[in-house]
Each structure stands twice: as C-alpha cells, then as structure tokens.
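So the structure is just underneath, and the comments pick up after that.
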Amino acid sequence: MADTLTVKDNRTGKQYEIPISDGTIPASALREIKVDDEDFGLMSYDPAYKNTASCRSAITFIDGEKGILRYRGYPIEQLAEQSSFLEVSYLLLKGELPNQSELDTWVDKITHHTYVHQYMIQAMEGFKWDAHAMGKLVSLLGTLSTFYEDSKNVRNAAVRDEHIIKIIAKMPTIAAWCFRHMQGRPYIYPDNGLSYAGNFMNMLFRMAEPQYKPDPAIEKALDVLFILHADHEQNCSTSAARAVGSAETDPYCSLAAAAAALYGPLHGGANEAVLRMLEEIGNLGNIPGFIEGVKNRERRLMGFGHRVYKNYDPRARIIKKLAHEVFAVTGKNPLLEIALELEKIALNDEFFVERKLYPNVDFYSGLIYQSIGFPVEFFPVLFAIPRAAGWLAQWQEMLMDPEQKIARPMQIYTGAGERAYVPMDKR
Ligand code: SDX
C-alpha cells in the first residue's frame, strides 16, 4: 500500500494522488485541486491551527493521550528528578546533555551575563508602582533589544549564541527588578556565588543582610518548576515567537511577543487566574455552586483542560508532589484543600470526564508561588523566565529550518464585494 491519499474532486471527477509523510499531507498539494485554470485552488481551513503542523521540531515531544512529555527524548520526570534548569536549557538549545566541562562553561557564561544596563532602571521607573508585572516584562524585553543592535543579525550563529546566553541570564534580573519595583524596594544586583534559582531569590528577597542565603528547599523547588516550564512544543507563546522571529526580528522583541501571548489567562496567565478562582471560591462549601457555574458555561475551571493533554498533565503531577515539599518549609497553603477538592470532583464528574479535563501545569503551581511569597500577578512572570529557554530553542530551530519562511497565513474572505466610495453627503 502506497503512502498516498487518493482524492476525487466530485466537481470535476478528477482524481489526485497526495503524498502522506510524517502523518501529514502537504497543504500545498491542495492548491492543485481546481475546477478550471482560473481557479486559485483549494486551501485547508483550520482556525487556531487545531489540526495543523506548522513546523518540524526535534525539541519537545508530547503524547497528549498518554500524558507523555519529553525534552529532546528525555522524560520530564527524569529531568525534574535528576537535572537542573541550566542543564535543561543547554539540552533544549544544543540537543544533547552537556558533559561536565560543557555544563561548567555554559553556567559560567550565563552567570557572568546577569547584569543589565543601568538605563533599564530608568525604563523601570517609567511604570506606575502597581503596573502588572507581565506588562513590565513584555516592555522590558523590547527595551533590552535597544541595547543590542547587533542582535538583529539573526542569521549569524555566533550572534544568536551570544544573545541566547544574554537573555537566559538576564530574565531573572529584570523579573526580580519588576518584583522589587512593585514593592518600592531598591533593586538587588546579581550574586555570582549563587545558583540560577538562588541568585533569582537573592534579587527578589534580599534585604539588609550582607549576603543572601536561599532556603535550599525553596531554591530546589524553583529550579524544578523552571525545568517543568521550560518548553512545550508549539504552544501559543512559542508559536508567537516563531511567527515574529520568522520576519527576522531580533530575539528580544521575538520574546516580547511570546511573553505577551503567555500573559493571556488561557495560557501562562492561568496560574494567576487559578489563585484568583480559589480565593473567590473561598471555602469548601462554595465548591458545588462554582462547579454548577462551570457546567452552565458561566465560568471556566482555570488550571484544567489542555489543547493537547487529554490525560493528566505530567507536569501537574510533579508540581502537586513538589507542593507538599514546599509547604513543609512555608506552611500549608490554606487554599490547597479547595484545590484538592476541586480536583477530586472534576476527576469524577461526567462533565469534566467526557471533555477530558484534567489539571494542567497551572493548577498547583500558583499555590507554591503564593506560599513562597509571590503576589498572584507575578505568577506568569515565573512561567516566562524558564520558558525563555524554550522560546529561544524554538526560535533558533525555526531560523535554521530551510523549509521555513516568513509566517503569513491565508484567509477565507467574508467581506463585501467591490463597491464605490460614498461621499459624506450621500451617506
Ligand atoms: C498552558 O499549549 C500549551 O502547551 C500550553 C501550556 C504550555 O506549557 O505552554 O501547557 C500552558 O497554557 C496550560 C493551559 C492553561 N489554561 C487554563 O488552565 C485555562 C483553562 N483552560 C481552558 O481555557 C482550555 O482548556 C484551554 C484553553 C487550555 C484549551 O482549550 P481548547 O483546547 O481550545 O478547548 P476548548 O476551549 O475548545 O474546550 C473544549 C471543551 C469545551 O466544551 P463545550 O463548550 O464544547 O461543551 O471543554 C470545555 C469547553 O467549554 N472546557 C472547559 C475548560 N477547558 C475546556 N470547561 C471548563 N473549564 C475549563 N478549564
């Protein structure tokens, strides 16, 4: 049997042989299907690209039915258990786990690029004190690009490598300074003697102590959360990074676009929306009424459901376990019991079961962030920091893919036919 599709156009009786490869057909083959020579040919119509592969990628593999997630073939459970975020960022970007010398060089380069230009403080001071942290992060990524005009040279591998390092290194610094700006506290500069997560905590929480000492359990939990959030194939924000990057936009502005997509409550903003939902529910007695509202489509159960996972998000399972380790240090988050009861109901209620709605990465992460001391509007920023590594890996893969060009989808035109301009006195 040949790997082809035989398509008969009943308008003309013509048959077409369309090749099948990698479980797809080339959309361009549809353009051959015409009723006459004037015909433009067929296109596929796929709003939100629910059944469209936009690229070939070797970075992340997800099996939504089985709840499988692998970075470059390595199961997320093993990476969360045995790796570190910086090692995972190397893996995502280079395709292989580093040996010790490669890892040491990678960590050293990132550690020594954590500073940002002092003018970034002026940019930060332009925001009102209660500006949402994600609005600041999106703007500051674009602002960073203005310090690195050479980063526009995206076809040069050495230039790409340099700015990939810079971005991974500087994300925690600008994120922490967004946090300090919200609190009206002075900015803390990087401490190169600390780990990636430890230094992030230093820039977030250090006060008058001569040197910040991160709590090891919290430092480890943040690093694991960074690993879990690092990449996730062609999600909304990664697709934004690829689309904007396909115009040869510099990596800083490509990631500003990605961060803007992540900000949405249906995407990375869901961890913030989950906490607001749990706080609104307030106690176990209000859960049945809330669930009714969800079934009546008045509300969404934030932190549940996923475009790809039709099983338990493997990251949610790891985060749920991690939560208990963090709470052993910070004290149990009082909203945990509402979250656990919501999960118990949803996993047994027909409405959620038939729609295959399971907890996703955002359902439990916010409980941890809140217990560590982050305000809810900072939660999406904690998603963006590690996802920068995934965005950069996907952005780079797009640039190196000979099949890729500037992203420019087609449309089905539903507007008016040609009509003459109407002078004002005739309207
Ligand atoms: C992330 O893509 C990624 O990989 C994203 C991400 C990553 O790592 O990058 O995994 C991170 O964004 C996780 C998702 C976080 N978002 C939320 O938790 C918000 C709540 N979830 C939903 O809004 C929704 O599940 C989405 C957006 C995640 C997925 O939406 P889909 O695939 O477009 O599904 P849909 O909206 O078409 O819903 C299918 C059905 C509908 O039922 P009907 O109205 O047709 O009867 O399921 C229902 C929806 O109403 N549904 C929900 C629901 N999610 C879907 N009903 C109640 N609560 C929900 N959360």
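The values are calculated or read from the model by the stated rules, or taken from the named source; none is laboratory data. Keep in mind that what you see is a predicted model, and the values were worked out from it rather than measured. Counting neighbours? That spans all protein chains shown, and the Cβs are built from the backbone with ideal geometry, glycine included.
I'd like to know if the range 52-59 contains one or more residues that are over 15 Å from PRO409 (Cβ atoms), within 16 Å of the ligand (Cβ to nearest atom) and either in a loop (DSSP other than H, G, I, E, B) or in contact (Cβ under 8 Å) with a residue 40 or more places away in the chain (or both).
We begin by selecting, within the range 52-59, every residue over 15 Å from PRO409 (Cβ atoms); these are 56-59.
So of that shortlist, the ones also within 16 Å of the ligand (Cβ to nearest atom) come out as 57, 59.
Next cut, either in a loop (DSSP other than H, G, I, E, B) or in contact (Cβ under 8 Å) with a residue 40 or more places away in the chain (or both) only: 57, 59.
Scanning the range 52-59, I find at least one residue that is over 15 Å from PRO409 (Cβ atoms), within 16 Å of the ligand (Cβ to nearest atom) and either in a loop (DSSP other than H, G, I, E, B) or in contact (Cβ under 8 Å) with a residue 40 or more places away in the chain (or both), so the answer is yes.
Let me confirm something: among THR111, THR143, THR105, which residue is exposed (fewer than 14 other Cβ atoms within 10 Å of the Cβ) and of a type outside the set (Gly, Ala, Ser)?
On the way: THR111 fails: exposed (fewer than 14 other Cβ atoms within 10 Å of the Cβ); THR143 fails: exposed (fewer than 14 other Cβ atoms within 10 Å of the Cβ).
The conditions single out THR105.
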Cβ-Cβ below 8 Å, separation at least six or inter-chain, first residue in the range 323-348 and within 22 Å of ALA80 (Cβ to Cβ), second aromatic (Phe, Trp, Tyr) and not in a loop (DSSP other than H, G, I, E, B): which pairs? ALA323/TYR364; ASN333/PHE327; LEU336/PHE327; ALA339/PHE363; ALA339/TYR364; GLU343/PHE363
Of all residues making up the range 234-246, the number that are more than 7 Å from the ligand (Cβ to nearest atom) and assigned to a loop (DSSP other than H, G, I, E, B): 2
Counting just the residues of the range 271-313 that are of a type in the set (Asp, Glu) and more than 8 Å from the ligand (Cβ to nearest atom), which one comes out surrounded by the most Cβ atoms within 10 Å (Cβ to Cβ)? GLU272
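Among the candidates TYR212, TYR189, TYR252, which residue alone is assigned to a loop (DSSP other than H, G, I, E, B), of a type outside the set (D, E, K, R) and buried (at least 17 other Cβ atoms within 10 Å of the Cβ)? Explain how you work it out, then say what you get.
Numbers: TYR189 fails: buried (at least 17 other Cβ atoms within 10 Å of the Cβ); TYR252 fails: assigned to a loop (DSSP other than H, G, I, E, B).
After applying the criteria, what remains is TYR212.
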Filtered residues of the range 31-59 (kept if of a type in the set (S, T, N, Q) and either touching a Ser or Thr at 6+ places or on another chain (Cβ under 9 Å) or within 21 Å of ALA221 (Cα to Cα) (or both)): SER44, ASN51, THR52, SER54
Is it fair to say ALA158 is hydrophobic (A, V, I, L, M, F, W, C), more than 30 Å from VAL326 (Cα to Cα), within 16 Å of the ligand (Cβ to nearest atom) and in a helix (DSSP H, G or I)? no
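Does ALA260 satisfy being more than 11 Å from the ligand (Cβ to nearest atom) and either closer than 30 Å to ALA393 by Cα or among the charged types (D, E, K, R) (or both)? Steps first, please.
Working: more than 11 Å from the ligand (Cβ to nearest atom): yes; either closer than 30 Å to ALA393 by Cα or among the charged types (D, E, K, R) (or both): yes.
Spelling it out, ALA260 is indeed more than 11 Å from the ligand (Cβ to nearest atom) and either closer than 30 Å to ALA393 by Cα or among the charged types (D, E, K, R) (or both).
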Odd one out for TRP129, checked against (1) at pLDDT 95 or above; (2) in contact with a Gly (Cβ under 9 Å, 6 or more places away or on another chain): (1)
Limited to the range 289-341, what total is found for residues that are touching a helix residue (DSSP H, G or I) at 6+ places or on another chain (Cβ under 9 Å), in a loop (DSSP other than H, G, I, E, B) and among the basic types (Lys, Arg)? 4
